[in-house]
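To start, the structure under review is shown below, and the notes come after it.
Nothing in this text is a laboratory measurement; each read-out follows from the coordinates by a stated rule. None of these values were measured; they are calculated from a predicted model.
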């Protein structure tokens, strides 16, 4: 993956969220994705904060879109790693988030860990 590949993937992901298009959002994730975030702990009472697979993740993201009808992300920075990338972005509520994304060979997110600068619903 090049920096340009990571930036393109990140920008498309941001645009998918900003359009509130769940299908487009989900197209960025592998079927067996592992997703970890504080929001998982709070919304689903999962102490490890992890979701497994696109079925669980779709439910999580659908609820997120419902809870934040004005949701909007602004991309601040993309960081490259050999296995993927991390992005720093700002939410409409002012919270800053870093998503660390491990990509699979098909160019989809296989593992994501979301880090929030403040509390998140």
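Things worth noting here:
- Springs join every pair of Cα atoms under 10 Å in this Gaussian network model of the chain, and among 26, 103, 42 the largest mean-square fluctuation is at 42.
- Counting DSSP beta bridges with both ends in the chain, the antiparallel % (nearest 5): 85 percent
- Per residue, the convex hull spanned by the alpha carbons of region 3-116 comes to 92 Å³.
- Euclidean distance of C-alpha centroids, region 68-121 and region 1-41, integer Å: 8 Å
- In the chain, helical runs assigned H by DSSP with n ≥ 4 each contribute -39500 (n - 2.57); averaged across all residues and rounded to the nearest 500, the mean residue ellipticity at 222 nm is -10500 deg cm²/dmol.
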